[in-house]
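Everything below concerns the one structure shown next.
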Amino acid sequence: MPKPTERNISLTGTIRFTGLKLTNTASYAAGVPGVKAALQHSFKEMGALEALSTLSKMNQKDGFDCPGCAWPDPEVPSKLGEYCENGAKALAEEATYEKADADFFKTHSVEEISTWSDFKIGKSGRLTRPMVLRAGSIHYTPISWENAFTLIADELKTLSHPDEGIFYTSGRSSNEAAFLYGLFVRAFGTNNMPDCSNMCHESSGVGLSETLGIGKGSVTLEDLHEAEVVMVIGQNPGTNHPRMLSALEACKKNDGKIISINPLAEAGLIRFKDPQSLNGMLKGTSLTDIHLQVKINQDVALLKLLMKKLAAQDAKGEKVFDHEFINTYTNGYESFLSDLENYTEATLYELCGIASEQIDQTVALLAKKNKIIICWAMGLTQHKNGVANVKECVNLLLLKGSLGKLGTGTCPVRGHSNVQGDRTVGIMHHVSNELNQSLEKVFGFTPPEKEGLDTVHAVQAMHEGKAKVFIALGGNFASAVADTQYTAEALQRCNLTVQISTKLNRSHLITGQKALILPTLGRSEKDIKNGNQRFLTVENSMGKVHRTKGVLPPKSKQLKSEPEIIGGMADAFFKGKHPVAWKNLGSDYNTIREKIAATITGFEAVTEESKGTGFYLPNNVRELDFSKLPNGKAQFSACAVADHKMKPNELLLMTIRSHDQFNTTIYGLNDRYRGIHNERRIIFMNQTDMTAQHFKKLEIVDLVSNYDSIERRAEQFLVVPYNIPEGNVAAYFPETNMIIPYNHFADYSNTPISKSVIVSVEKR
Ligand code: SF4
């Protein structure tokens with residue numbers, strides 16, 4: 001077993017409090033404070049004029065796609081500005097003039113930088129040129145692109161089997177880069193392609209594929225506007241998908257109703273002050289009609305209770321269920337009904353913690369409506385029963401026939417701008433015979449047929465010394481993955497780690513014996529080749545592919561685009577001894593798109609995307625075509641309720657993002673919607689639990705988990721009394737990833753259990 005590097009690297013930065021200021025929680029999202037925050041962040045990093053002109057191009061047809069989440073753009077983007085506060089922050093992070101250049105690394109060693117907070121590391125700025133961290137050294141030094149590619153190729157050639165290589169993808173990569181990366185990895189001989197969706201919506205992919213035949217959502221924006229009921233479960237759109245609030249506002253204006261199911265009463269689901277209109281900005285629109293403050297991870301119990309009551313009404317002949325739809329399009333209805341009989345209402349009430357009045361109010365609403373959409377995010381997927389959570393949602397939609405019609409459907413909301421596109425164009429550890437056959441036909445080589453490693457298993461392979469080279473196309477793997485200590489040891493046991501990145505983050509410090517930083521263009525930057533500007537494509541959360549074209553000059557002349565970096569790596573590895581002309585392909589996006597069209601079903605129109613019209617990929621649910629499923633039918637599922645065996649004083653923790661955060665990127669230290677300012681090391685706790693366990697407000701505590709008799713500790717958090725169900729607590733990641741065990745993850749999807757971790761809170 002190789003020994004981790006000798007470098008003295010802090011995994012968290014020196015823990016210190018930054019001066020917490022508490023205010024009341026917000027009663028609405030966006031509005032004047034939202035506009036102010038968006039402009040403050042962008043003006044600070046870019047200057048007012050450049051910020052305003054660049055923001056005016058974001059999410060516009062002839063502009064660039066926001067590097068934030070994957071929320072779709074309306075057919076006619078607003079000329080006033082088609083972005084939200086967090087989109088402006090994402091742009092400002094990328095378009096900053098701060099630089100982590102050669103002088104920066106000469107001055108600061110990786111050991112010193114690792115003592116900084118994630119926030120400060122991120123503010124170090126854009127990476128400007130290729131840098132290498134030699135074995136035994138603590139300073140990155142400059143390296144040429146050519147030597148960097150050669151170093152990677154030589155290291156890959158030392159591996160005794162291609163499966164000793166791990167090739168990670170974050171959801172920011174374009175379709176062209178992701179397709180080329182997947183092609184190179186398969187040509188190299190492995191399917192070890194973990195990606196960030198393993199940690200987020202993999203449970204959605206598995207749950208939806210097994211019940212509806214496709215791992216993606218079925219709704220469009222228009223459906224959301226026309227729905228009679230939108231259920232928002234385990235999602236905080238006000239922070240993580242803010243433009244979704246405009247769609248919910250439109251739904252309300254069409255007399256739609258919103259049911260939010262969440263342990264927290266999030267401001268973004270209470271009221272939305274839409275900056276697109278004066279009335280919207282000042283008065284705003286009330287969103288949620290019914291907030292069901294469910295206990296953490298008891299969504300299955302809650303949904304079962306609702307469906308049990310609906311079934312009782314239907315059995316009385318009140319035509320609550322769409323039996324024509326059930327008979328025509330579904331399988332397993334009877335066994336689903338009998339499974340419901342296994343649970344008493346009393347048990348389900350006890351588990352979900354919702355009052356009967358609210359349950360009856362919700363049942364009354366759902367009973368008479370059929371145009372129902374269910375939206376969800378990590379609050380459903382990052383649990384041991386994440387797949388069951390998704391399937392239980394599908395059960396409700398099948399009962400109501402709420403699929404394949406306007407105003408109906410599934411809506412797993414993707415968190416990263418092209419995470420769905422990456423999977424569509426081939427980034428996956430699973431083997432698809434259909435894709436392999438297409439690739440062999442088009443490129444003349446035989447892709448590997450052995451199942452690859454997803455994120456949790458890639459970490460274990462590196463930790464056990466079975467994988468020795470780790471290459472990341474974007475992202476911040478070391479901070480995003482569960483079990484920070486174990487993951488760090490895994491990375492530090494590698495011979496080489498490579499990060500293709502725009503900005504400095506902790507994964508550039510938690511490295512293998514040798515490490516490379518390969519700086520790439522940002523989404524907002526012009527990608528010019530031989531005087532011609534090139535464009536790339538991405539796929540949004542609703543399955544629409546569209547182009548993105550930068551508008552800003554690159555922050556450094558030494559940056560390369562992701563496709564060029566991949567082409568360069570592959571060319572150095574194969575040295576022309578492969579049917580694919582990697583270097584040429586890496587710089588010729590039109591040819592990459594032709595190859596995508598030739599190998600990926602539904603992408604035919606991508607070669608026409610220069611016109612910027614965009615196109616929807618096929619979606620069988622919209623056509624009510626379940627021919628790929630057993631009996632050609634959508635599937636009902638019998639799902640078990642969650643069962644957390646907790647000892648006295650143990651609490652169930654959900655890790656969350658603050659409002660000044662996107663995944664592991666920390667824009668700032670505030671979480672103003674929750675009344676938190678200038679601090680991240682806090683734990684939200686119910687006052688009753690505080691009293692029962694004798695914790696005072698702002699007392700300093702440690703969070704401790706104990707799985708498989710292994711204690712994991714995250715130190716120094718301030719206790720903040722908060723409106724959260726008894727027995728439940730919440731705290732931010734990545735600070736709490738330290739206590740999430742690497743080997744406890746969702747059944748079937750292997751998604752980490754970040755939203756339901758059993759912890760005890762200890763006084764210091
Ligand atoms: S909603 Fe998402 S994609 Fe849209 S501007 Fe905001 S962060 Fe960007």
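Can you flag which of Lys645/Lys755; Lys514/Lys577; Lys252/Lys368; Lys555/Lys575; Lys120/Lys514 are past 22 Å Cα-Cα? Listed pairs above 22 Å: Lys514/Lys577; Lys555/Lys575; Lys120/Lys514. With respect to the chain, whose longest principal axis is taken over its alpha-carbon atoms, helix 589-599 is tilted by about 50°.
The stretch 533-664: D in µm²/s via Stokes-Einstein (Kirkwood Rh, Cα pairs, 10 °C, 1.306 mPa s)? Translational D for this selection: 80 µm²/s. Using a cut-off of 31 Å between Cα atoms, the listed pairs Lys391/Lys526; Lys371/Lys544; Lys44/Lys79 include Lys391/Lys526 as exceeding that distance. Which of the aspartates and glutamates could a cross-linker bridge to Lys633, judged by Cα under 16 Å and excluding same-chain residues fewer than eight apart? Reachable aspartates and glutamates: Glu210, Asp322, Glu324, Glu334, Glu623, Asp625. Compared with the alpha-carbon gap, the fully stretched path from Thr158 to Ser627 is longer by 164.2 nm at 0.36 nm per residue. Between amide H atoms placed 1.01 Å from N, distances below 5 Å from Gly401 occur with Asp322, all of them 5 or more places distant or on a separate chain. Packing, taken as the mean count of other beta carbons within 10 Å per residue, orders the peptides 235-248, 516-529, 701-714 from highest to lowest as 235-248, 516-529, 701-714. From the alpha carbon centroid of the stretch 150-204 to that of the stretch 337-406 is 37 Å.
Whole-Hz Karplus values for the stretch 496-512 come out as 9, 10, 10, 10, 8, 9, 9, 10, 6, 8, 5, 5, 7, 10, 9, 10, x Hz, taken residue by residue from phi with 6.51 cos²θ - 1.76 cosθ + 1.60 and θ = phi - 60°; glycine and proline positions read x.
Scanning residues 5 or more positions from Asp101 or on other chains, none has an amide H under 5 Å from its amide H, with H placed 1.01 Å from N in the peptide plane.
With the convex hull of its Cα atoms as the shape, the stretch 651-763 has an orientation-averaged projected area of 7.2 nm².
With helices as the sole contributors, the chain gives -9500 deg cm²/dmol at 222 nm; each DSSP H run of n ≥ 4 counts as -39500 (n - 2.57), and the sum is divided by every residue. Within the straight-line cut-off of under 19 Å between alpha carbons, the aspartates and glutamates reachable from Lys560 are Asp65, Glu93, Glu94, Glu98, Asp101, Glu146, Glu176, Glu525, Asp527, Asp571, Asp588, sequence neighbours fewer than 8 places apart in one chain being disregarded. In the distance distribution for the stretch 15-161, Cα-Cα pairs more than 18 Å apart total 70 percent. For the chain, the Cα gyration tensor yields ellipsoid semi-axes of 38, 30, 26 Å (square root of five times each eigenvalue, largest first, whole Å). Computed on the Cα atoms alone, the convex hull of the stretch 217-373 gives a volume of 127 cubic angstrom per residue. Accessible area of His108 (1.4 Å probe, protein heavy atoms only, ligands and nucleic acids ignored): about 40 Å². The spacing between the stretch 466-541 and the stretch 18-36, judged by their C-alpha centroids, is 32 Å.
Highest mean first, the peptides 19-32, 53-66, 489-502 sorted by other C-beta atoms within 10 Å per residue fall in the order 489-502, 53-66, 19-32. Between Thr23 and Tyr748, residue separation times 0.36 nm minus the direct Cα-Cα distance comes to 256.8 nm. Take 219-231, 273-285 and order them by the average number of nearby Cβ atoms within 10 Å per residue, most first; the result is 219-231, 273-285. Note that the chain presents 35 Å² accessible area per residue, ligands and nucleic acids not counted, probe 1.4 Å. Treating r as the C-beta distance of Thr107 and Asp255 and R0 as 51 Å, the FRET efficiency rounds to 0.25. Roughly how tilted is helix 202-212, in degrees to the nearest 10 and between 0 and 90, from the longest Cα axis of the chain? With both axes taken from Cα atoms, the answer is about 60 degrees. Taking the chain as a whole, the Cys residues whose C-beta sits 4.7 Å or farther from every other Cys C-beta are Cys66, Cys69, Cys84, Cys196, Cys200, Cys251, Cys352, Cys393, Cys494, Cys639.
Restricting attention to the chain, close to 45% of DSSP beta bridges with both partner residues there are antiparallel.
The values are calculated or read from the model by the stated rules, or taken from the named source; none is laboratory data. In this text the structure is predicted, and so the values were computed from the model without any measurement. Reconstructed Cβ throughout: ideal geometry from the backbone, glycine too, with neighbour counts over all protein chains shown. Keep in mind that these areas ignore ligands, DNA and RNA; they rest on the heavy atoms of the full protein, side chains included. Shrake-Rupley method; radii C 1.70, N 1.55, O 1.52, S 1.80 Å.
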